[in-house]
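Computed from the coordinates by the stated procedures, all read-outs in this text should not be read as laboratory data. Bear in mind that the values here come from a model prediction, so they are computed numbers and not experimental data. Positions of Cβ are generated from backbone atoms using ideal geometry, with glycine treated the same way; all protein chains shown enter the neighbour counts.
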């Protein structure tokens, strides 16, 4: 069956401070699938994720060459072309970082934040979506009675689930996750994996992971990077 | 907030920054322009070499230049070792509650108004100096330097403390792990590595000492002479400006104030640039 | 030799501590010993009933009230002028300026921060003269000119503290907001500024203290020894630090001198209270900005 491609890169090269991190990487990611990116430390996995939402632009001394395209309604758009709306890109491409980074605000404000930045939603809508997202990440039961307390008071695992909820609130088409369960205990990790499996119906998921068993469990495609180059890309059951 | 609004706000930020920078240049420009009559007839070197005797047509400010240099250098001579010692006390020797208390006290000291140092200086310090040396009125270079060193100390102490703290703790931990004491860690790791910061702190404090008006005005004596000894009365460029300000605006005497201003501007700018150059070298070293 | 150094350093540092603390204590102590007796309501309000004075019903002729009001007005005006410009400049430097521009601007602001206050006062005076000549003969050294000059004085401090507060935030703080779809300005306003508010506010309080204690700038831009409460922005005014300076050389009897001591104590109190305020506000402001639902 012909798979629809959601994101593809062509001859993508990236360097930081003169050091090459990614070399001529050309990968295509299928829509509504979980693609796992694996490889040894320093192979450029996290950097690769950042090229997809242009977040590397916040770091000085970085250069990028090549093309990154995203498919929207059947047409591919170069996300690096001039005047491309970066903020809109980042709303459609959600990101969860390796180390949880809740903002120094209340739990409620954290999750609601992206929605409030975008604007144009009523308070009731926000409230509903916050509850929905917190329920999806299995956090609602633990925090529903203290939504106004500081998010930084939560445990590491709870914070990470909070960040995932926050990434989901804008209902992104693509979700980038950089080792999302490395700080979580086994049960919570399994719950997150379950969540990802549910999400892939509406979302394209790119997952960087060190846990091969996790990858085998949930990934549809495995992309392997080494020294910034693509080693192999293939379906899970190769 | 839509794009045009955002763009407008960002332009405002840009304009503020450039307006502020322009101000720095404008300050120099105004003084140059207003002091021009004094320089016009090729009197530039006269300013530096002549004595100050307006009624004779001499507008030399060299006694004041010497006064400024003498008082500020002397004050730094007193202040530097004391501040270094105090900073060592805060950062290395003391611990826990005492350390916190000492640091907070120094931070509070930075808020003491300069005019109070001058005021107490007149009635306490000047009297002591007069009695101790049994010469002159007590209003002299020494008194001004002592008070000035007290004034610049709190900021310099905090600067030194911050320099010590900026040295990566991993360096020092190695010394401690070898069984070294805190003092040893300080002497052999922290101090050598924070030296650029210390020199910068010294330079900037020297600038502050040079730029002080009130202490010199109130307790240095204000005699228009090149000071020959510590107990001689002297006048600085800053107090000269304050004192001559009362003169007739149109006179050349008044214009000499702007010459003082120009010198002060150049002196302090030189110190800032020196600190800058040292700073950059320091950054490279720290990496 | 090394042994000796290691033993001598702690002793030396304690010696320095004792000397410096002793010196400061003598200064402050001397002030209190000679001035506490003059501390009373009549020091501030003279022979006018306090309530009448505060409600501006009657003038105060032999009290410090006009000087207190003068200092207060100066500080409020100067800070209102300096803070918006300073914060905007600081934000520009931290978030928008390229490396070259940033280096040059930083140099300019460092120079400005290092200028003697009397040079700033001189500039204020020159500007007033310039405006007087070319715009309106009504402009002469006054409250407004002094406030503007004081604003110039503290501008580099506010720029620097804002810039450092913003730049001190870790990269992750910056990236978090952006990754959630915030525009640059939204990121600054909603994510970065609230987190750096503590630093910014303490910079403002520092500026307030600086304006309250400065004497050199106001000496050249309109302060006088006796004129009552400033009638308007364009009038002369009194100020506490200038009163202290003036009285130190112009006192005629011990009673007048005592008022000088009293004024010095009041000024010292104001500055120390501001310092304590900075300590408290830092924590409160951050909390309010971030955790209010």
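For this structure, a couple of remarks:
- Protection proxy ranking of B:101-109, C:77-85, by the mean of other Cβ atoms within 10 Å over each peptide's residues and highest first, is C:77-85, B:101-109.
- As a calculated quantity, the FRET efficiency between residue B:99 and residue A:3 at R0 = 60 Å, using C-beta atoms, amounts to about 0.40.
- Between 0 and 90°, nearest 10: helix C:2-35 axis offset from chain C longest Cα axis: 40
- Summarising the label geometry, the points placed 7 Å from Cα in the beta-carbon direction at residue B:248 and residue C:52 lie 4.5 nm from one another.
- Distance-filtered residues of segment B:252-274 - backbone nitrogen under 19 Å, label point 7 angstrom along residue C:107 Cα→Cβ: B:265-274
- Mean-square fluctuations from a GNM of chain C, with a 10 angstrom spring cutoff on Cα atoms, peak among C:233, C:122, C:131 at C:131.
- Per residue of chain B, the DSSP helices (runs of n ≥ 4 H) give a summed -39500 (n - 2.57) that works out to -24000 deg cm²/dmol at 222 nm.
- Using a Förster distance of 56 Å, the FRET efficiency for residue B:33-residue A:19 (Cβ separation, nearest 0.05): 0.60
- The ranking of B:162, A:213 by Cβ neighbour count inside 10 Å, starting from the fewest, reads A:213, B:162.
- For segment A:30-71, the square roots a ≥ b ≥ c of the C-alpha gyration tensor eigenvalues yield an a/c of 1.5 or more together with a/b not exceeding b/c, which makes the shape oblate.
- Take each residue in B:3-10, count the other chain C-beta atoms within 10 Å of its C-beta, and the mean is 3.
- Helix C:117-134 axis, angle to chain C major axis (alpha carbon atoms, nearest 10°): 80
- Counting only DSSP beta bridges whose two residues both lie in the protein assembly as shown, roughly 60 percent are antiparallel.
- Taking other Cβ atoms within 10 Å as a rough exposure proxy, C:56, A:105 sort from fewest to most as C:56, A:105.
- Reported to the nearest whole Å, the Cα centre-to-centre distance from segment B:195-225 to segment A:181-232 is 64.
- Inter-site label distance for residue C:235 and residue A:41 at 7 Å from Cα along Cβ, in nm: 7.3
- Take each residue of peptide B:31-37, count the partner chain Cβ atoms within 10 Å of its Cβ, and average: the result is 2.
- Label separation (residue A:227 vs residue C:171): 2.4 nm, computed from points 7 Å beyond Cα along the C-beta direction.
- Our helix-only sum for chain C, with -39,500 (n - 2.57) per DSSP H run of n ≥ 4 divided by its residues, gives a mean residue ellipticity at 222 nm of -24500 deg cm²/dmol.
- Across segment C:126-227, C-alpha contacts under 8 Å between residues 6 or more apart give a mean separation that, scaled by the residue count, equals a relative contact order of 41 percent.
- Of the residues A:227, A:17, A:53, the one that moves most in a GNM of chain A with alpha-carbon contacts below 10 Å is A:17.
- Top of B:71, B:48, B:27 by mean-square fluctuation, Gaussian network on chain B, Cα under 10 Å: B:27
- Tensor-based shape of chain C (alpha-carbon gyration tensor, a/c under 1.5 rounded, otherwise prolate or oblate): oblate
- Proxy reagent accessibility, fewest Cβ within 10 Å first, across A:33, C:213: A:33, C:213
- Rounded Å value of the spacing that divides the Cα centres of segment C:102-124 and segment C:8-72: 30
- Global geometry of chain B, whether rounded, prolate or oblate, following the gyration tensor of its Cα atoms and the 1.5 cut on a/c: oblate
- Near-label residues of segment C:195-227 by backbone N, under 18 Å of a point 7 Å along Cα→Cβ of residue C:281: C:195-214
- Length-normalised contact order for chain C - Cα pairs under 8 Å, 6+ apart - percent: 25
- Sites residue A:190 and residue B:18 - FRET efficiency at Förster radius 56 Å, r taken between beta-carbons, to 0.05: 0.50
- For the peptide C:3-13, the mean number of other protein chain Cβ atoms found within 10 angstrom of a residue's Cβ is 5.
- For segment B:116-211, the relative contact order comes to 27 percent (Cα pairs under 8 Å, sequence separation of at least 6).
- Label zone (residue C:256, point 7 Å along Cα-to-C-beta; backbone nitrogen cut-off 14 Å) within segment C:53-70: C:62-63.
- C-alpha long axis of helix A:107-118 to longest principal axis of chain A, angle in °: 60
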